[in-house]
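First comes the structure, then the notes that go with it.
The values are calculated or read from the model by the stated rules, or taken from the named source; none is laboratory data. The shown structure was predicted, so the numbers you read here are calculated from the model rather than taken from an experiment. Reconstructed Cβ throughout: ideal geometry from the backbone, glycine too, with neighbour counts over all protein chains shown.
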Amino acid sequence: MRSAQARAAAVPACSPSRRSSRLLRQMAKRYDLYLMLLLPIAWYLLFHYGPLYGLQIAFKNFSPAKGIFGSEWVGFEHFQRFFDSYYVKRLLWNTLSISLISMTVAFPIPILLALVSNEIRSRSFNKWLQNITFMPHFVSVVVVVGILTVFLSPTGPINKLVEAFGGTPVRFMESAGWFKTIFIGSNIWQNMGWQSIIYIAALAGINPQLYEAAKMDGASRLRRIWHVSLPGIVPVIVILLILDVGHFMDIGFEKILLMQNNLNLEASDVISTFVYTTGIQKGEYSYTAAIGLFNSVINLLLLLLVNRFARKVSETSLW
Amino acid sequence: MAKTAAANRVSDGKGFDILVYAIAAIVIAVVLYPLLFVVSASFSDPARVLNGDVWLLPKGVSTEAYANILRNREVWTGYGNTIVYTAAGTTVNLIMTVLAAYPLSRPDLPGRKLLMVLITITMFFNGGLIPTYMLVKDLGMVDTMWALIIPNAIATYNLIVMRTYFQTTIPWELQEAAHMDGCSNWRLLRSIILPLSKPILAVMVLFYAVGHWNSYFNALIYIRKEALYPLQLVLREILLISQSDAVDANVGLEDKVLLAESVKYAVIIVASLPVWVMYPLVQRHFVKGVMIGSIKG
C-alpha cells in the first residue's frame, strides 16, 4: 500500500514533457511498425467502426437522398414499433429458446467427448475418433442443410426407418415442431468434435501426478474424472461459456436462413433472420438497424454481466 | 484387504473401458453415417435411392448423376469463381493479418495495448448487418468480387492467434539482436519472422481458405449477377431451391425428378471434395491452430 503511494508520488517528479518526448522518440524510432499497421488500422476503422457511425440510422428515418448524416432524427420510434409489433414475441421467444437449448444441451457435449477421448488408452483409436469427429466441421452450411434435406425427406432414410416401424412419414424439414431439434442436433453433429479440441488440449495439460495420487487414495476412474479431470478444465469451460454468452443472440443464423420455409416459420423466425429479410430484402434499413442494435446491446450486456459473475465466483474471466 | 481393493479397481477399469469404447464407437457411427450415406447414394441408381434400398453401400452403381453435374455450366462457373475468390481472398487475408499481427506482437511498440483493445472490442460489438451492408453498397462493391474479399480482410480471432504465435515462439532477443545490426523492421519481418512462422502461416491459409470456400452469406447479399455466383450459392439453388433445374432438359419428366434427387447427392460430394481431399493432409495443422488460439492472448 505504502509503496504504491510512494510510486504515485514519484510519478509527477518525472517531468511530463521529458516523458512525452521520450515516447515520441520511441514512436519515431518504430515508425515503420506504424507503417505496417497503417492498412489494417484503416481497415478496422472503415469496416468495423464505420458501421458504428452508420448505426445512427437506428434513431433516424434513413432516406438515401439525404444520406446517413442528413436524415432526420426520430428518437426511439423504431424500437417502439418493434416492441409493439405482433411478431416481437415470436422473434424473441425463438431466439431465446434456441440459444438457451443450445447452451444447455449442445455446450456440454464437446466436454463429454473430450473426457471420453481422454479415457481411451489406445492412441490409434483415439486419433480415429478425433479425426472423424472433426470432419463435419469442414462441411459448409449449405451442404449440411442439403444433407439434412435429403436425409429427412419423405423418401429419405430416416423416414424409411419410421415406416419400417409402422409410422407414417414425417415432413421434418417443413415442420415447426421439429425445427429446433433438427437445428440443434445438426449443430452438435457438425461441431462437437471441433469444439472438443480445446478441452482435449486442456486435459492433456493436467499433471499426471494428480491422477496417480487419486489412484493411491482408491478413487475409481469415474471419481478421478470427477475430482481431477473436470476441475482441471473448469477455467477453459468458464472462458468458452462466457464467449458463448457474448453471442447469445446471434445463433448460427446463416444456417437458420437456409432451413427456413413458410411452413416452419413459426419456430424458425429469429431476430437475425428477420433483420435480413426485412432489412436487406425489403429495404427497411432504419427499422432493422434498430433491431440489430437491440440485439447487439443485449449481447454486450450479457457478456459484461457473465464476465463479472465469473470473476467473482471462479476467478476466471475474460479480463 | 489391499488385495480386494486392487481387484475391485481392475474390474472397475474393465467395465469402464467397455463403456468408454462403446460411447466412442457410437459417436463415430453417428458422425460418419450421414456422410457415407451421401457418398453411396450419389453412386447409386436414383430409383433405388428413392425406394430406400440404399442403406450403406451403393445399389445399382451409376455415375449418371456425376455426368449430369459435369455437363452443368453453372456448377463449373461456380467452381471457377470460388477458386478465384478463395485464392484472392486468402492472399489479402494473409497479408493484412501479418501486417497487423506482427507490429502488435512487439513489446516495444508504444500504444499497442490501446490498439489491441480497440481491435478486440470489434469481436463483441459491431454495427451489425444493416450498417455494414450499407457501407459496402456505398463503396460500390456490390456485384464485384471485392465485396467478398475486402469486408472480411481480417478475422480478428485469427489476428489474435497469429500475434500470440509471434509473441510466444520467436525469441525477442533474436529480434533485438537483428535491430542492433541495423536491420529494419520490414527486413526483420521478411527474412527472420516469416521464415520462422511457416507453421502458423499454413494454419492461417487453411482457416481462411476453408472459410472462403464454404461461405455463402456474403455472396447472397452482395452478388446479384449469376455469372459471379460462388459455388455455395449454386449449391444452394440446386439443393434447396429449385427441384430439377440442375438436370439436362433432354430427359423425360419422371427421369428428371429422379435424377434431380441423385444430382443433389453428387453435387454435395463434388463441392466438398477439395476440402475432404485436403483434410487428412492438413488436419494436424488445424488442430495446432486451435491450440495456439486457446492460449489466452
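For the subset of region B:144-168 comprising residues that are farther than 15 Å from B:V98 by Cβ and more than 14 Å from every other protein chain (Cβ to nearest Cβ), which member is farthest from the chain's Cα centre (by Cα)?
In this case the residue turns out to be B:T168.
Please determine, by comparing only the residues of region B:169-214 that are among the aliphatic types (A, V, I, L, M) and more than 33 Å from the chain's Cα centre (by Cα), which one is modelled with the lowest pLDDT.
Initially, region B:169-214 is screened for residues among the aliphatic types (A, V, I, L, M), giving B:170, B:174, B:177-178, B:180, B:188-189, B:192-194, B:196, B:200-206, B:209-210.
From what is left, the residues that are more than 33 Å from the chain's Cα centre (by Cα) are B:174, B:177-178, B:180.
On the way: B:L174: 89, B:A177: 88, B:A178: 87, B:M180: 84.
If we take residues in region B:169-214 being among the aliphatic types (A, V, I, L, M) and more than 33 Å from the chain's Cα centre (by Cα), then B:M180 is modelled with the lowest pLDDT.
Residues in region A:2-19: is at least one farther than 20 Å from A:G283 by Cβ, at pLDDT below 90 and within 14 Å of chain B (Cβ to nearest Cβ)?
Yes, region A:2-19 has at least one match.
Given (1) touching a helix residue (DSSP H, G or I) at 6+ places or on another chain (Cβ under 8 Å); (2) within 18 Å of B:Y157 (Cβ to Cβ), identify the lone condition not met by B:V117.
Unmet condition: (1).
Report, by residue number, each residue of region B:111-143 that is part of a loop (DSSP other than H, G, I, E, B), under 22 Å from A:Q26 (Cα atoms) and either touching a Lys or Arg at 6+ places or on another chain (Cβ under 7 Å) or more than 9 Å from chain A (Cβ to nearest Cβ) (or both). Walk me through how you get there before you give the answer.
Of the residues in region B:111-143, the ones part of a loop (DSSP other than H, G, I, E, B) are B:111, B:125-128, B:139-143.
Pick out the ones that are also under 22 Å from A:Q26 (Cα atoms) and you get B:111.
None; the set is empty.
Starting from residues that are β-branched (V, I, T) and in a helix (DSSP H, G or I), keep the ones in region B:190-225 and report whichever is farthest from B:L148 (Cα to Cα).
That would be B:I192.
Out of region B:242-266, which residues are more than 8 Å from chain A (Cβ to nearest Cβ) and either on the phi > 0 side of the Ramachandran plot or modelled with pLDDT of 80 or more (or both)?
B:V263, B:A266
Step by step: first the residues of region B:181-192, then only those that are of a type outside the set (S, T, N, Q) and more than 13 Å from every other protein chain (Cβ to nearest Cβ), then the one that is surrounded by the most Cβ atoms within 10 Å (Cβ to Cβ). Which residue is that?
In this case the residue turns out to be B:I192.
As an exercise: evaluate B:A87 against (1) within 19 Å of the chain's Cα centre (by Cα); (2) surrounded by fewer than 16 Cβ atoms within 10 Å (Cβ to Cβ); (3) facing chain A (nearest Cβ under 9 Å) and give the number of the one condition it does not meet.
For B:A87, the failing item is (3).
Looking only at residues that are over 16 Å from the mean Cα position of the chain (by Cα) and hydroxyl-bearing (S, T, Y) in region B:254-274, which one is farthest from B:L239 (Cα to Cα)?
Looking at the filtered set, the residue picked out is B:S262.
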